[in-house]
Amino acid sequence: MLKLYNTLTRKIEEFKPLNPPVVTMYTCGPTVYRHIHIGNFRTYLMADFLRRTLEYNAYKVTHIKNVTDVGHMRTSELHQGKNIDPVLEEALKEGKTPKEITSYYTKLFLEDEEKLNIKKANKYPKATEHIKEMIEIIKILLDKGLAYRTGGTVYFDVSKFKDYGQLSGNTLDKMDMLLKAVRISVETDKKDSPDFALWKEAEEDRMMKWESPWGEGFPGWHIECSAMSIKYLGDTFDIHTGGEDLIFPHHEDEIAQSEGASGKKFVNYWLHGGYLLIDGKKMSRSKGNVYTISDLQKKGFDPLAFRYLTMLTHYKQEMNFTWDALEAAQIAYKRLVEEVAEFKNPKIGCAEYEEKFLEAVNDNLNMPKALAVMWDLVKSDYPDSAKAESIFKMDQVLGLDLEKAREKKKNIKVVVSDAIKKLIGERERLRKMGSFTKADHLRNKIKKLGYRLKDTKEGVEIEKI
Ligand code: AMP
Ligand code: ZN
């Protein structure tokens, strides 16, 4: 039985989907005007562990992850007091169109997801392609008297939605203070300060703007997720995920708009991941303390070592990132691959360990425990073939690509001849002596013979070209 912590009820609950075996799931995706950092990826990895666990339990998951390609200001991104759209700012800086910028970063994001072995969402809808759907919801909210217009801007009237605050537990009197912390400015034309913008009037020089019944403007950030999740998953769906910073106001506002418009419950289970910290502070673009997957790779780390690292902390807890911890995770991951490479072909697995593993992942995604169970099995007395069977099965959730890694290792072992081994050994010797030019010469010679060498912290890796 799968149990999940639901932010909405503040309890661990048994997971019961609306229409089993189908599970509908929405993940707030990235804002694509800069590199997506490893803090963001910690949250997407959490969603991936959840999705894989659901599939492990034989559910059929429809997963939607949006791409925010309309810039949305945050206080932290306030540019010298001026309300400049970050997508535009980046475009101007790089001499590109906003579309070129967002396409570029979307492509990098998808490549990084692949490197981390994050399963592809069924769809990655873009905000800019769903303006019509957002306008439709805003029209309904205006018709129902849940929103009001001030010039070309439309606000949601929080006082008309009695359940406002249900997700974050914020009462209206607490709200004002919280909002001041997350907004660019406290808009002065609103009736009541917790009200939030559904549609904003475009400033004169704004490039990213659209026609609407209220004049030229652009959507608020929250409305995009309501529009895209409802379009692809229906008025009510099973699971919504994001980092804990999205609980308020983003998800609170998504609930108000969506339930206000449809009159139905929006989402049954809300899951929020803890922050990735660096030196005790949240990793964030505005603080400039971010690392990307490419940064990790440039330092010789395998992106899957980062995946492994995130499994060592429960997803709801904060996780402090250090290079030493990543190094330790990489060593453990490589050791695991070494172990697995020795396995014989899979045969009847070990039910005892498989049960413990399932129990761990089904206990609100206890990945640290799941990983420990897997290592216990590796070290156990079961025959290799049984270990292989069970571990490859567990890897459907872990996503460490162990079968592929095993094949790769096996290929290396089979293919490299003694002559090549000798050349590699000679090159290593030259490198240790500091004769890098000679070593490079040998590397080229080996390359011509069909093998690419990669120097890693654990030694040289050989790849067949
Ligand atoms: P953004 O592009 O800022 O909207 O963030 C995309 C996702 O990453 C959201 O679910 C955020 O909650 C999450 N996120 C942002 N920073 C961090 C962090 N330091 N640790 C974990 N998740 C984060
Ligand atoms: Zn969202």
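The values are calculated or read from the model by the stated rules, or taken from the named source; none is laboratory data. Everything numeric in this text was worked out from a predicted model, so none of it was measured. Neighbour counts are summed over all protein chains in view; Cβ atoms, including those assigned to glycine, are modelled from backbone coordinates with ideal geometry. The accessibility values were calculated without ligands, DNA or RNA, using every heavy atom of the protein model including side chains. Shrake-Rupley method; radii C 1.70, N 1.55, O 1.52, S 1.80 Å.
Can you tell me which residue in the range 220-242 is farthest from LYS126 (Cα to Cα), limited to those that are open to solvent by 10 Å² or more (accessible area, probe 1.4 Å) and either within 11 Å of ligand 1 (Cβ to nearest atom) or in contact (Cβ under 8 Å) with a residue 40 or more places away in the chain (or both)?
Our first condition is that a residue be open to solvent by 10 Å² or more (accessible area, probe 1.4 Å); within the range 220-242, this holds for 221-222, 230-236.
After this cut, where a residue has to be either within 11 Å of ligand 1 (Cβ to nearest atom) or in contact (Cβ under 8 Å) with a residue 40 or more places away in the chain (or both) as well, the list is 221, 230-234, 236.
Numbers: TRP221: 12, ILE230: 14, LYS231: 12, TYR232: 12, LEU233: 15, GLY234: 17, THR236: 21 Å.
That would be THR236.
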- Note on the structure: Turns out the helices (runs of 4 or more DSSP H) fully within the range 26-119 with at least 1 residues that are within 16 Å of ligand 2 (Cβ to nearest atom) and modelled with pLDDT of 90 or more are 38-56, 98-115
- Query: Quick one: would you say GLU133 is away from ligand 1 (no atom under 16 Å from the Cβ), at pLDDT 95 or above and either over 17 Å from MET228 (Cα atoms) or open to solvent by less than 60 Å² (accessible area, probe 1.4 Å) (or both)?
  - Reply: yes
- Message: Residues that are of a type outside the set (A, V, I, L, M, F, W, C), within 16 Å of ligand 2 (Cβ to nearest atom) and open to solvent by less than 20 Å² (accessible area, probe 1.4 Å): does the range 193-203 have at least one?
- Response: no
- Message: Tell me which helices (runs of 4 or more DSSP H) are completely within the range 256-356 and hold 1 or more residues being among the acidic types (Asp, Glu), exposed (fewer than 15 other Cβ atoms within 10 Å of the Cβ) and in the same structural domain as GLU407 (by TED's automatic domain parsing), or say none if there are none.
- Response: 293-298, 323-341
- Note on the structure: Counting only residues in the range 3-35 that are open to solvent by less than 10 Å² (accessible area, probe 1.4 Å) and among the aliphatic types (A, V, I, L, M), the one farthest from ligand 1 (Cβ to nearest atom) is identified as VAL23
- Task: State all residues of the range 254-286 that are touching a residue at least 60 places away in the same chain (Cβ under 8 Å), more than 18 Å from the chain's Cα centre (by Cα) and more than 14 Å from ligand 1 (Cβ to nearest atom); if no residue qualifies, say none.
- Result: ILE255, ALA256, GLN257, SER258, GLU259, GLY260, ALA261, VAL267, ASN268
